[in-house]
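Engineer: I have a structure I would like to understand better, so I am pasting it below and will then ask my questions one at a time.
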Amino acid sequence: MVYGKSHPGHGMGRYQRETHGGNVGELFGENPDVIGIREAFEKNRISWKDIEPYFRKIAQELEESRKKGAFPGWSPERRLANAIVVAAYLRAQNLKTNQVRKVLEMARTIELKLKKGDTDIRDDVVKTRYLLAYAVGRATGGAKHALDAFHRVLDPMLALLMEKPDVAHFEEFYDFLQAVVAYHRFFGGGE
């Protein structure tokens, strides 16, 4: 599925490209301008169409990593930059946090399990993966597009964790997920 081709860009008002001096690339890149992105959302000057190329690049990179059987080798800075882009895209798609609450709770459960010293996380990762798929499957309307995008980013990482449960890689996944949720909220995403 090509993201953004078959739905109206929910809640963004009129589509405008006058973002940040007319150049969306200034908002997204090596070090995304989170204040600029937030202001663009507040002024309805950014749409999922603006963010889609950056989102698509991340999703493709994750899918390629999955095919190679290797977890993405992102530095902490790159992981954060990618999480900001994903969060902005999900915010533009009107994802609501409560739509993925069970997935977030399951990831927190795994994190707590690891903190207690239990490193057997394969079954929990499997459950997280099917809970995410269920959330996408039961969604309708605009929520389906937002959840499908969320799935497109998280599922390759979950698939890799399922095949090779690794504590360090789960920590990277969990950091990424937390950053996505935090910036989604920062950009005005709803509960």
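The values are calculated or read from the model by the stated rules, or taken from the named source; none is laboratory data. Computed from a predicted model, the values in this text were never measured in an experiment. Cβ placement follows ideal geometry from the backbone for every residue including glycine, while neighbour counts extend to all protein chains displayed. All accessible areas refer to the heavy atoms of the entire protein, side chains included, with ligands and DNA or RNA removed. Shrake-Rupley method; radii C 1.70, N 1.55, O 1.52, S 1.80 Å.
Engineer: Mind scanning K67/K116; K49/K96; K67/K96; K113/K144; K116/K144; K102/K164 and naming the pairs with a C-alpha gap bigger than 27 Å? Working shown, then result.
Structural biologist: Numbers: K67/K116 32 Å; K49/K96 19 Å; K67/K96 30 Å; K113/K144 31 Å; K116/K144 36 Å; K102/K164 23 Å.
Pairs exceeding the cut-off: K67/K116; K67/K96; K113/K144; K116/K144.
Engineer: How far is helix 141-163 tilted, in degrees, relative to the longest principal axis of the Cα atoms in the chain, given as a value from 0 to 90 rounded to the nearest 10?
Structural biologist: Here the helix axis deviates by roughly 30 degrees.
Engineer: What's log10 of I(q)/I(0) for the chain at q = 0.11, 0.15, 0.17, 0.19 Å⁻¹, Debye sum over Cα points only, no solvent?
Structural biologist: -0.47, -0.86, -1.10, -1.34
Engineer: Between K115 and K144, what's the calculated FRET efficiency when r is the beta-carbon distance and R0 is 41 Å? Round to 0.05.
Structural biologist: 0.75
Engineer: Would you mind calculating the gained length between V34 and E163 on full extension (0.36 nm times residue separation, minus the Cα-Cα distance), in nm to one decimal?
Structural biologist: So the extension gain works out to 43.0 nm.
Engineer: Also, I was wondering about something else. Separation between the K49 and D175 pseudo-spin-labels, each 7 Å from Cα along Cα→Cβ, expressed in nm?
Structural biologist: So the two model labels end up 3.7 nm from each other.
Engineer: Can you tell me the accessible area per residue over the chain, all protein chains present, probe 1.4 angstrom, in square angstrom?
Structural biologist: 50
Engineer: Roughly to the nearest percent, how much of the accessible area of segment 87-173 is carbon and sulfur, given a 1.4 Å probe?
Structural biologist: 50
Engineer: Between 0 and 90 degrees, rounded to the nearest ten: what's the tilt of helix 48-68 against the longest Cα principal axis of the chain?
Structural biologist: It works out to around 20 degrees.
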